[in-house]
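Here's the structure we're looking at; comments come further down.
The values are calculated or read from the model by the stated rules, or taken from the named source; none is laboratory data. Note that the structure is predicted; figures quoted are calculated from it, not measured. As a convention, Cβ positions derive from the backbone with ideal geometry for all residues, glycine included, and neighbour counts pool all protein chains shown.
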Amino acid sequence: MEARLIDSLIKPKSIKSLKVEKDAAAAAIYGYRAGNGLVLIEIHRRYWKSEFPRLKPYLQNL
């Protein structure tokens with residue numbers, strides 16, 4: 001995925017933390033869909049109301 005696309009999805013200043021879970025550890029916590037790993041993106045509370053409406057269409061496909 002290109003950096004431009006990622007920047008258009010989530011504004012970098014709104015990201016509080018990034019966490020990468022790999023392999024079986026992620027599947028044990030988050031279910032079979034995370035069997036290959038996952039990336040957790042935590043958004044600052046003050047940006048949640050502006051970020052969530054933009055991300056909602058992408059989250060519905062999960």
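In segment 51-62, the residues that are over 16 Å from P12 (Cα atoms) form Cβ pairs under 9 Å with partners that are modelled with pLDDT of 80 or more and assigned to a helix (DSSP H, G or I), at six or more places apart or across chains, as follows: L59/F52.
The residues on offer are K11, K22, and the sole one that is modelled with pLDDT of 80 or more and within 14 Å of the chain's Cα centre (by Cα) is K11. When I29 is tested against the conditions (1) surrounded by 10 or more Cβ atoms within 10 Å (Cβ to Cβ); (2) out of contact with any Ser or Thr (no Cβ under 8 Å at 6 or more places or on another chain); (3) at pLDDT 85 or above, the lone failure is (3).
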